[in-house]
Amino acid sequence: MDIPYTVQVRPDTGLYNAKVGIWLFLASEMMLFGGLFSAYILLRVGTPPGEWPHGWLDVRFGAFNTMLLALSAITTLLAWVACKVGDFRKFKFFHACTLILALSFLCVKMYEYHDKWIHYEIELKDGRIADGHLVSRTSDEVVIEGRYVTDKKDLYDLRAQKNLPHDEIRIAPSDIVKMQNYGPWHNTFTAIYFTLTGLHALHILGGCCVIGYLWGPGSKMWKTDHERFTNRVEVSGLFWHFVDLVWIFLFPVLYLT
Amino acid sequence: MQATVQEFPPYREGEAHAHEAHGHHEQPFFTKYIFSTDHKVIGLQYGFVSLCFMLFGLFLMLMMRWQIAHPGVPVPLFGPLLEKVLGQPAAGGAISADLYNSFGAMHGTIMVFLGVVPLAFAAFGNYVVPLMIGAPDMAFPRINMASFHAFFLGGLVMLVSFFIPGGAAQAGWTSYSPLATTIPTDGQAFWLVGMVLLITSSLLGAVNFIATIIQLRAPGMTWMRLPFFVWAQFVTAFLLLLAFPPLEAAGFMQLMDNVAGTSFFLPTGLAIGGHMANVSGGGSPLLWQHLFWFLGHPEVYVLILPAMGIVCEVIANNTRKPIWGYKSLVYSTLVIGLLSFIVWAHHMYMTGMGQKIATFFQATTMIISIPSVIILTCLFLSLWGASIRFNTPMMFALGFLPMFGIGGLTGLPLGLAATDLYLHDTYYIIAHFHYVVAPGTIFALFAGIYFWFPKITGRKLNEFWGRVHFWCSFIFMNVVFLPMFTQGAKGMLRRMSNGGANYSAAQVHNAIDTLPGSVMEMNTWILWGAVALGLAQIPFIINLFWSIKHGEPVESDNPWGATTLDWQTPTPPPHGNFATEPHVVRGPYEYNAPGHEGSFLPQSDPAVTPTPHAH
């Protein structure tokens, strides 16, 4: 038994089944990220004036990652074109580029996560706050590279504060009231940042699996059922473009505002 | 004119395929029943598992009703079992308040997400929709299988959560934050993981249904020739596709709150047990409610639309005349689908979200009642002047109409903010939505089971025991739910593990507006009504299994004399469904058409099949 229109298009709709399926799936994905973006808006609007963080993320990394994904969108398209014109080597080359770009994106993202993970805000008994990256932590002392602030508000908006001091600060554990890194639990900004980018990274990872499969073992279908293979590349490409598009929204929302 | 009659790719090629199609190869159990990609087997898998879950939901309800009527008294028969399985929360065989909360939350979750939706949408949709549109299978059979597996896994996670320390989720099926995060049990995390799996399952199902209905309609099956059931499933699939993801987003965020210590839904200054909570704060409890009800309200239509579809098919078939107002039904369904996305905050009048927002949602809520009334009116008018065949499916379908009517009309006072402020969270609302879902949707589902059973097995369910099942269910449903309107109007709140005893006149003297003894007494009637309702399902369960082997065999492939394509298949339909590709030539409800002999005209009449070049 064969399912009709798995490869050929149905005349009155002009689509093959998987293309209908992927657009429906993307509509659903839009609502998923739509829910999270509206959560972002509501949390940001509900924050007391002056307490929503600005400039916590390095725009250079974000911009670099945006460029990586934009390039990968182009290579995905070129890979599909290579399928259409029947050039197997070009297909392999362009999708290899897509994969490398995607994995580079994830590496950069991981570095950014790690940077937040070792970034600590330490409340001291004298009322000051030590804020900086952890160098070492023993039972005798905690060493960070950063600065002291007296008012917590100074930590929220970093856009105007250029050339922050990076002094080595040594703190005795007995002076510490509370020590917390910039993980998701730090405040609602880090919470939504990690959740949104984490979910997006999972989508990148999923896309890598699919494209990796089509690039590797799945490419056997090139010979056995070329048209169907081309459709698969197209459908996975549509998903990939969606994932890129989400990042196009994430970048300004999280890095630039 | 080529567009109207399409070339339909042949899905039976050569002898080898034909053999396979008739099931002559004995497949091993695993590939046949567990890893099947056949839409009919998947439909039956969904049907069997969801019926089991509904039975379990009924059991939880009985335990709760005992506790409400006899607070703190050990449960007869099942008390020792509960204590043995669940331990301390059921100490002495009595249900503790925590356990009551667990049962309440899980009763709602199981009935909605693991019982009614999988049965109405996934089971009936899977089995019937491809048959009705003349398709050989779903568009994506393997995704269909994955959908069932995700559903099964989600159900398993929900069940396992009963046995972890602290027990299953206790924050109600709506899981409002911050309560859902502050109750000291991991059951909530299990609930959220289970929900994410169930949402994945319904996403895969919805994509599949829509793609199938758009792509795999048989030649000649135009949109306005689709049976109403298919339309209902089509709109339902869109609701699941678009309304569920925001809850999934909310689920991720609440999971982060529970597991990673974030504060998406936890406000600044949150105190737990008299101490400041160790969270960053800054979150919004209202956000959860918005995201939850953004799914929650369309979900109501996910529960009711497939039921209306089934009722429509059964009524058309047993009134033996065309359904009244087919186009009105279709357009009303589409309007309901659209409007259901902008009524959600009528569940939130009590939150103090503001008069202006409440006014907007009141208006949309009143507007959405119009298409619902149109649908019900069309179904009622279809009965006019018909010589009705009163068989079991028809009785359940007829039972659906007034019961859903009561459920729908009692919803109006809840849609208006002024009256809702009083009725909110009372037993009135429990009565209201149970009338919609229990004697409403579930009756329609029973109608569907009695109606399509002969197609699935080649035998009819026993008619006498079917009637016993109907009348007992009908009477005891009302015994259970009718008194709740009174209780709610008198001010009895829901979610109280002692059934409101602490507000009763017997315990609180010299206070105004306590619950009088007559209202408290109703708890006992409801308990015995519920027990009787549970017993009334026994004939059905026995009938269901007994009739598979011993029921009255059908004489033809079309025992009800139905017009739609699902009855033009062999019985039971083989893998690939149709012996020859169907060509649809007319609308779905051509009963007793003037100028034709016989009482019905099937949608695909081989005698009138046009040649491919006729146009």
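The values are calculated or read from the model by the stated rules, or taken from the named source; none is laboratory data. Remember, predicted model here, so these are calculated numbers, not experimental data. Here Cβ is always computed from backbone atoms with ideal geometry, including for glycine, and neighbour counts include all displayed protein chains.
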With the requirement that a residue be over 14 Å from B:G448 (Cα atoms) and in a strand (DSSP E or B), what does region B:458-472 give you? B:R459
When you check B:A139 against the structure, is it away from chain A (no Cβ under 14 Å) and either aliphatic (A, V, I, L, M) or not in a helix (DSSP H, G or I) (or both), yes or no? no
B:G72, sole failed condition from (1) in contact with a Pro (Cβ under 7 Å, 6 or more places away or on another chain); (2) assigned to a loop (DSSP other than H, G, I, E, B); (3) farther than 30 Å from B:Q233 by Cα: (1)
May I ask you to say which residue of A:Y156, A:Y213, A:Y182, A:Y193 is more than 30 Å from B:L255 (Cα to Cα) and among the aromatic types (F, W, Y)? A:Y213
Restricting to region B:268-290, and then to whatever is more than 8 Å from chain A (Cβ to nearest Cβ) and part of a loop (DSSP other than H, G, I, E, B), can you tell me which residue is surrounded by the most Cβ atoms within 10 Å (Cβ to Cβ)? B:L270
Just need a number here: residues in region B:230-262 that are away from chain A (no Cβ under 13 Å) and touching a Ser or Thr at 6+ places or on another chain (Cβ under 8 Å). 3
In this structure, is B:F433 outside any strand (DSSP E or B) and touching a His at 6+ places or on another chain (Cβ under 9 Å)? no
When you look at A:T98, is it crowded, with 18+ Cβ neighbours inside 10 Å and touching a residue at least 60 places away in the same chain (Cβ under 8 Å), yes or no? yes
Taking only region B:125-159 into account, find how many residues are of a type in the set (G, A, S) and crowded, with 24+ Cβ neighbours inside 10 Å. 6
Answer yes if at least one residue in region A:183-204 is farther than 30 Å from A:I74 by Cβ and among the small types (G, A, S), and no otherwise. yes
If you scan region B:90-105, which residues turn out to be in a helix (DSSP H, G or I), surrounded by 21 or more Cβ atoms within 10 Å (Cβ to Cβ), touching a helix residue (DSSP H, G or I) at 6+ places or on another chain (Cβ under 6 Å) and of a type outside the set (G, A, S)? B:L99, B:Y100, B:F103
One residue from A:R128, A:R137, A:R147 being surrounded by 17 or more Cβ atoms within 10 Å (Cβ to Cβ), without any contact (Cβ under 8 Å) to a residue 24 or more places away in the chain and more than 13 Å from chain B (Cβ to nearest Cβ): A:R147
Only one of (1) surrounded by fewer than 24 Cβ atoms within 10 Å (Cβ to Cβ); (2) within 14 Å of chain A (Cβ to nearest Cβ) does not apply to B:S177, and that is (1)
Could you tell me whether any residue of region B:353-364 is of a type outside the set (F, W, Y), within 28 Å of B:M477 (Cβ to Cβ) and buried (at least 19 other Cβ atoms within 10 Å of the Cβ)? no
Pick out the one residue from B:F360, B:F265 that is at negative phi and within 12 Å of chain A (Cβ to nearest Cβ). B:F265
The conditions are (1) surrounded by 18 or more Cβ atoms within 10 Å (Cβ to Cβ); (2) hydroxyl-bearing (S, T, Y); (3) within 19 Å of B:N318 (Cα to Cα), and B:T569 fails exactly one of them. Which is it? (3)
Out of B:G534, B:G500, I need the residue that is modelled with pLDDT of 95 or more, away from every other protein chain (no Cβ under 14 Å) and out of contact with any His (no Cβ under 9 Å at 6 or more places or on another chain). Which one? B:G534
Applying the selection to region A:160-185, what residues are within 24 Å of A:Y113 (Cβ to Cβ), surrounded by 11 or more Cβ atoms within 10 Å (Cβ to Cβ) and not hydrophobic (A, V, I, L, M, F, W, C)? A:Q161, A:H166, A:Q180, A:N181, A:Y182, A:G183, A:P184
For A:P49, only one of the following conditions fails: (1) within 8 Å of chain B (Cβ to nearest Cβ); (2) without any contact (Cβ under 8 Å) to a residue 24 or more places away in the chain. What is its number? (1)
For region A:52-71, which positions are touching a residue at least 60 places away in the same chain (Cβ under 8 Å) and buried (at least 17 other Cβ atoms within 10 Å of the Cβ)? A:W52, A:P53, A:W56, A:L57, A:G62, A:N65, A:T66, A:L69
Scan region B:557-579 for residues that are assigned to a loop (DSSP other than H, G, I, E, B) and either without any contact (Cβ under 8 Å) to a residue 12 or more places away in the chain or among the hydrophobic types (A, V, I, L, M, F, W, C) (or both) and report the count. 4
